[in-house]
Amino acid sequence: MRSDEPYEARVAQILAELGIPASYGVDRHMPLHAEARDLVSVGMDIHGRDRQLTPHAAARWTELQAAAHRDDVTLLLVSAFRSLEYQRRIFERKIAGGQSLEQILKVNAPPGYSEHHTGRAVDLTTPACSPLSEEFEITAAFDWLVRHGGRFGFAMTYPRRNPFGVAYEPWHWAIREEAA
Ligand SMILES: [Zn+2]
C-alpha cells in the first residue's frame, strides 16, 4: 500500500460527495496536490483572514512583496494555503448558491487538485482592482509580476489556453517546488 493512499481516498470521497467524476483531474492531467503540513503565517489577506504558506514560499512571498513595494507596486494577498476541507466548502457554498458544477469547475480546481493545498500558491490583487478578475492583467502589479516574479521563483499556473481547461487566472502565482 502506498503511503499517499489515505489522502487519495479522502479526495475520492469528497469528489463523490460533490458529484464530481472521480477521473476529473486525471482526465485533465491535473496533478493531485497533497496538503502542506509545515505552514507559517504570512499575515492577513484583503478580507482580514490570517493566511499561511510553507516556510520557503512565505519567505519568497515576503521578498517579492517588498521588492514590488520598492518599485511603487502594491501586491495584496487574496488567498494562500487552502486545505482540502476549505476547498470543499467553496464548492458547497457555490452549489448552495445555485451554481452548476460546470460553472464552478471553470474557476475552482476540485478538492485535491487545487495548487493552494501545497502552500506554495498565492492569489494576488492590487488596490483599485476587483480581486480574482481578469482585469488584474492590465494593472501595473501584473506587469511587475510578469517581469520580476520569476526572480523569486513565482510563475503563473493558469495562463491563457492552459492544458488543464482552467480559466485564465492572471492573479494565481505559485512557486513550483519547495526548496530542498
Ligand atoms: Zn489561486
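Worth pointing out:
- Cβ pairs under 9 Å, 6+ apart, first in region 6-30 and under 15 Å from LEU105 (Cβ atoms), second of a type in the set (S, T, N, Q): ILE14/GLN87
- Within region 118-140, the residues that satisfy the criterion of being of a type in the set (A, V, I, L, M, F, W, C) and surrounded by fewer than 21 Cβ atoms within 10 Å (Cβ to Cβ) are ALA128, CYS129, LEU132, ILE138, ALA140.
- All positions within region 16-45 that are surrounded by 15 or more Cβ atoms within 10 Å (Cβ to Cβ) and closer than 28 Å to THR126 by Cα: HIS33, GLU35, ALA36, LEU39, VAL42, ASP45
- Among the residues making up region 13-49, those that are in a helix (DSSP H, G or I) and more than 20 Å from ARG176 (Cβ to Cβ) are GLN13, ILE14, LEU15, ALA16, GLU17, LEU18, TYR24, VAL26, ASP27.
- Selection status of GLN52, within 21 Å of ASP123 (Cβ to Cβ) and assigned to a strand (DSSP E or B): yes
All of the numbers you see were taken from the coordinates with simple rules; none came from a lab. Note that this is a predicted model, so its numbers are computed, not measured. Cβ atoms come from the backbone with ideal geometry, glycine included; neighbour counts cover every protein chain shown.
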